[in-house]
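The values are calculated or read from the model by the stated rules, or taken from the named source; none is laboratory data. A quick note: this is a predicted structure, and the numbers were derived from the prediction, not measured. To get the accessible areas, we keep the full protein, side chains included, count just its heavy atoms, and leave off ligands, DNA and RNA. Shrake-Rupley method; radii C 1.70, N 1.55, O 1.52, S 1.80 Å.
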Amino acid sequence: MNDPILFDPESSTCSTESSVSRSTEGSSTKRARIDTQAALIELAQQRVEIQRDNTKKHLEHLDNQRKILREIADDNKTIIQDNKNIIEDNKRFQKEFMDFLRTKK
């Protein structure tokens, strides 16, 4: 292999053309690998952000549902108490009506 010898004045080194292309090739492969890893890390970070946003929205939704269920439970307690009062009123009315019928005889 009669590769011409190349001189690099900056580093004061000599190398052959094939060794320069091999080192460039290795360096570009490493650069591509680093770029790929950086892109994968960025995608993973974006995925984490999306999952964080989705989790936050889901928790807000669950909190809203909890509030609605609490309101329904409070309304149900009020309805139950109202029904108990109606039953007591009906018992009292029935007793008064029976007393009235007895006195009429």
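Ligands, DNA and RNA left out, the 1.4 Å accessible surface of the stretch 20-105 is 57% carbon and sulfur atoms. In whole angstrom, how far apart do the alpha carbon centroids of the stretch 63-82 and the stretch 26-43 sit? Their Cα centres are 56 Å away from one another. 3J(HN,Hα) couplings calculated from phi for the stretch 56-61 with the Karplus curve 6.51 cos²θ - 1.76 cosθ + 1.60 (θ = phi - 60°) are, in sequence order, 4, 4, 5, 5, 5, 4 Hz; Gly and Pro show x.
Per the Kirkwood formula applied to alpha carbons, the stretch 44-105 shows a radius of gyration over Rh ratio, Rg over Rh, of 1.64.
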